[in-house]
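The values are calculated or read from the model by the stated rules, or taken from the named source; none is laboratory data. It should be emphasised that the depicted structure is a prediction, and the values quoted were computed from it without experimental measurement. Cβ placement follows ideal geometry from the backbone for every residue including glycine, while neighbour counts extend to all protein chains displayed. SASA here: full protein model, heavy atoms, side chains in, ligands and nucleic acids out. Shrake-Rupley method; radii C 1.70, N 1.55, O 1.52, S 1.80 Å.
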Amino acid sequence: MRYLFLFVALTVANAAVASEGMVILQKRCVSCHEISGPAAQSVQELWQRKGPDLFYAGSKYNAEWLKKWLVKPRRIRPAGHHPIQHIQPGKKRDMVDTTTLRPHPALSPSDAEEVTEALMKLKASAEMMGTAVFKGGSISASFGEMVFDKFNGCMACHEIEPGYGGLSGPEVYTAAKRYQADYLVSFITDPQAWNPKTPMPNKHVSAANIQKIVQYLQALAKENWDEKK
Amino acid sequence: MRKNKLFLTLFVSLLMLSSAAWSDDAEDNYKNYCWQCHGMTGDGMGLNVQDMSVQPRDHTSAKAMGGRSDADLFKVIKEGGLAIDKSVLMPPWRDSLSDDEIHGLVKYLRKLCQCG
């Protein structure tokens, strides 16, 4: 009987600790992030979402990176979450209106830990994940860049190093630090399964080249970009 | 009984609405997918052009757009630049847009270039 009481007490205590992060999420994050799903079903609905959907965060982010980033957030998307809300015509091309970009709030280390723990429990459905997974391996940065840029044109929207590449998509030189390898494979394979209205196209990259692209992203992420900036 | 049928029909309709992605209008689709490279005004000078090896087409130019048939425009939006022997930088949008939405974009492009 005593053991049963102890078990129940521990379970309740554990649930209380686990829900602390969810309380913070509900209080501080849901005004910008969707944590229950589904993804936006129209372009207008997409534009109303101020930050990335988090209802599959546990299948997307690397926990260690997430925990650190929440304490010291840094811009990942040079033109904001929805570039159309942060650009204006310039002399040579459309330019980012940096005055409209807002910094992400920083959390205390303990809150970041709680929130990360709660987010890592939010998993993607099997339909979103699909069946493709990262098979490991490595590639040289130069060959990887050929696959990424020359063969598939991904650099049109993504920076492969600070200040080099497209600005509408998130930087990719830190992507492998931020994201799980299986998520990267899955998202490149079928972006619309994750977000039907994402501006990221399905370029129908071959399965073999998707593996090479993720290997390339891992090679890029080995650089210490914060030091180089 | 009739009431039950009405509720069932309403329920199924709502379910279908919630599970199917909306068909968006051409202007919203142009902003969401095309602006990033072709520009806010459609002049081909979008946010991403700085490091592009091939410049995006100027959709406001009757000269640049006039030589393309509606079928060509439909094909390049749906299947990407390589489908008409153009740049790999123009992606295929068939997984993002329905055929109806692509037809809508072709009409929108004709308004931008005032041609065709």
Exercise for review: Starting from the range A:74-93, keep only residues that are more than 10 Å from A:Ser168 (Cα to Cα), then list their pairs with residues that are modelled with pLDDT under 95 and among the charged types (D, E, K, R) whose Cβ atoms are within a distance under 9 Å, requiring at least 6 positions of separation or different chains.
Suggested key: A:Arg74/A:Asp226
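So which residues in the range A:163-176 are assigned to a loop (DSSP other than H, G, I, E, B) and within 10 Å of another protein chain (Cβ to nearest Cβ), if there are any at all?
A:Gly163, A:Gly166, A:Leu167, A:Ser168, A:Gly169
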Check your understanding: If you take the residues in the range A:177-221 that are among the small types (Gly, Ala, Ser), assigned to a helix (DSSP H, G or I) and open to solvent by 30 Å² or more (accessible area, probe 1.4 Å), which one is farthest from B:Asp24 (Cα to Cα)?
Key -> A:Ala208
Point to revise | A:Gly51 being assigned to a loop (DSSP other than H, G, I, E, B), farther than 20 Å from B:Gly39 by Cβ and modelled with pLDDT of 95 or more | key: yes
Revision key, fill the gap. Exactly one of A:Gly165, A:Gly169 is without any contact (Cβ under 8 Å) to a residue 24 or more places away in the chain and open to solvent by less than 30 Å² (accessible area, probe 1.4 Å), and that residue is A:Gly165
Practice item. Give, as residue ranges, the helices (runs of 4 or more DSSP H) completely inside the range B:3-68 that count at least 3 residues that are away from chain A (no Cβ under 14 Å), at pLDDT 95 or above and open to solvent by 60 Å² or more (accessible area, probe 1.4 Å). Key: none
Review point. If you go through the range A:25-34 one residue at a time, do you hit one that is open to solvent by 20 Å² or more (accessible area, probe 1.4 Å), within 14 Å of chain B (Cβ to nearest Cβ), of a type outside the set (Phe, Trp, Tyr) and out of contact with any His (no Cβ under 7 Å at 6 or more places or on another chain)?
Key: no
Exercise for review: Report whether or not A:Gly80 is away from chain B (no Cβ under 14 Å), assigned to a loop (DSSP other than H, G, I, E, B) and over 15 Å from A:Phe187 (Cα atoms).
Suggested key: no
Exercise for review: Give the residue, chosen from A:Lys92, A:Lys72, that is charged (D, E, K, R), open to solvent by 50 Å² or more (accessible area, probe 1.4 Å) and facing another protein chain (nearest Cβ under 9 Å).
Suggested key: A:Lys92
